[in-house]
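Trainee: Here it is: the structure, laid out below.
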Amino acid sequence: MSRLSLLVDLASLLAREVDLDALLGTACERLAQAMFADRATIWLVDAEQGDLVTRVALLPELPALRLPLGRGIAGYVARTGEVVRVDDASTDARFDPTADRATGYTTRSMLVAPIREEARAPVRGVVQLLNKQGGGSFDEEEERYLVALASQLARAFTMTTLRAADGGNPGLVLQGPFNRIVGRSAPITAVYEKIQLAAQTDATVLLRGETGTGKGLFARAIHVNSRRQARPFVTVDCTTLPAQLVESELFGHERGAFTGADRRVPGKVELAEGGTLFLDELGDLPLDIQGKLLRFLQDRTFERVGGRNTMRGDVRVVCATHRDLETAVAEGRFREDLYYRVRVVEIELPPLRTRGREEIEALTRHFADVYAQRYGRPSPTFDPAALLAIGSHTWPGNVRELEHWIESAIALAPDGRITPSHLPQRRRPTTISDGREEEVRLPLHLSLDDAIERYVGSVVAACDGNKTEAARRLGVGRNTIARALSRRHGGGPSSRGPDSLLGGSQSRGDDD
Ligand SMILES: Nc1ncnc2c1ncn2[C@@H]1O[C@H](COP(=O)(O)OP(=O)(O)OP(=O)(O)O)[C@@H](O)[C@H]1O
């Protein structure tokens, strides 16, 4: 591949809004090829940890490396924003041989450029080319080329368009190296509107909703749609913090604050300066730290553990919880004053089962595309029985559960033809198997027609799509099954339209 065609290729990858991992993986591979480099690595700045992490590397021996900002040549480039070209790394004082020692590789020449859109823009990562002994050096022209390419890569971070993928909400732009937001049902559209309004302010937001409904995704959406989007987005997972470490995690500590505190460490509040602090699973925050968080929310002041100076943080706070905070308040596990403080703007994310069939269908397509691309699988086709199983499940784990179903199906079906056998077995909606009764769960808000359709759909799915077998189990004729599956749509095969993914099998009617 020529260098020019690599640039064009990258531009078209960007325009196609591909998944960021896939984009960087392809960029890395093609870059090494076009520059005749032995290895190429892309490092990203991890603002939360204050270091660099390899996102993609043609270093099969080491899937992920971390490097403090400033350490090694990549760390130097990340900190200073300078381009570095060296002919013999072993003579360069900045060179850190840790990776070479771990891999047995002997780096000779290096060309390393910061990933940023323009000269004074924040450095988002580093792109690094290596040649080993005898592999030759990089020249000035290659340096110019790499700088141009790095600025294109930077656009992947700021321009990867993460708006609603199906065009449902053109106003809400979701940028960043993350998944796109899919959906245009009425309940999710109402969420977009609130997110957009909240993003225009610095108000504290509380995102509520069952597990897997997208609270983390929407927290980030608030950040990237706000005036703070160029500053860090820092997450604190309140469930994983041991109580005694919470305060230090949030507000940092001074050297000597406790045994083992051998240096001053900034807390997440400091790391998020100018940006957004996302407190995930706030309902699990230990009671004794809740007062300190309340104070920070009230006047944005805090002290590091073991410190005397009162500090001030310019941070916007977004919280999420799937817990019933009202009960936690009533039971004395959550402070009432904090409860009122965090729910200045409260946004409830709807469970997937209330968003309608079209949304499940759009998400199924979306995840099928993402994972087919990620795993190098052909564009998948769904067997009608698999669609029935997907359409009739009630999704207690919400979007995350659907994502896992589709990911596993894509992984297990190398030819791209997805049947019920590729869906998670234990969650398949079956009625009778091996003589054991199993449950079909139906939400209570369904109309009778919908309930019958879903129930019959589940039985057909349990029979691997064989309607004759389903009819036998239910003690009815095969035509009754076909009618039940299409009654909500007036029984006509065309009523759902040819593009309907999850409705496809129903519209086929009596075909087996
Ligand atoms: N509308 C959506 N479009 C595309 N992907 C989505 C959407 N909603 C959620 N996802 C994806 O589903 C997965 C679960 O979402 P997320 O982690 O944000 O849920 P959550 O509500 O924070 O879950 P938990 O409460 O368990 O932490 C993620 O991979 C997320 O990217």
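Trainee: Nearest 0.05, what FRET efficiency do R227 and V83 give at R0 = 35 Å with Cβ-Cβ as r?
Mentor: 0.70
Trainee: So what are the ³J(HN,Hα) numbers for the range 302-312, from phi and the Karplus equation (6.51, -1.76, 1.60; θ = phi - 60°), rounded to whole Hz, Gly and Pro as x?
Mentor: The phi angles translate into 7, 10, 5, 4, x, x, 9, 6, 7, 10, 10 Hz.
Trainee: Sticking with this structure for a sec: Counting Lys +1, Arg +1, Asp -1, Glu -1, what net charge surrounds E82 among other residues with beta carbon under 14 Å of its beta carbon?
Mentor: +3
Trainee: Find the all-direction average of the projected area of the Cα convex hull for the range 335-425, expressing the result in square nanometres with one decimal place.
Mentor: It is 7.7 nm².
Trainee: HN-Hα J couplings of the range 145-154 from phi, Karplus 6.51/-1.76/1.60, θ = phi - 60°, integer Hz, Gly and Pro as x?
Mentor: 5, 5, 5, 4, 5, 5, 6, 5, 4, 4
Trainee: Note down the nm distance, to one decimal, between modelled labels 7 Å out along Cα→Cβ at R264 and at L287.
Mentor: The answer from the label model is 3.5 nm.
Trainee: Taking 0.36 nm per intervening residue step and subtracting the Cα-Cα distance, what contour gain separates A186 from R295 on full extension?
Mentor: Going from the current span to full extension adds 35.5 nm.
Trainee: Using 5 Å bins from zero, what percent of all Cα-Cα pairs in the range 197-350 falls into each bin?
Mentor: Going from the shortest bin to the longest, the percentages are 2, 10, 19, 23, 21, 14, 7, 4, 1, 0.
Trainee: While we're here: Can you tell me which lysines have their Cα less than 23 Å from the Cα of K292? Leave out same-chain residues fewer than eight positions away.
Mentor: K268
Trainee: Further, regarding this structure: If R0 is 35 Å, what FRET efficiency do you get for T354 and T468 from their C-beta distance, rounded to 0.05?
Mentor: For T354 and T468, the calculated efficiency is 0.55.
Trainee: Sticking with this structure for a sec: Apply 1/(1 + (r/R0)^6) to the Cβ-Cβ distance of T98 and E29, taking R0 = 22 Å, and write down the FRET efficiency to the nearest 0.05.
Mentor: Result of the calculation: an efficiency of 0.35.
Taken together, the values in this text are just the output of simple stated rules run on the coordinates, not laboratory data. All figures in this text were calculated on a predicted structure; none of them were measured in a lab. Don't worry about glycine lacking a Cβ; one is built from the backbone with ideal geometry, like all the others, and counts go over all protein chains shown.
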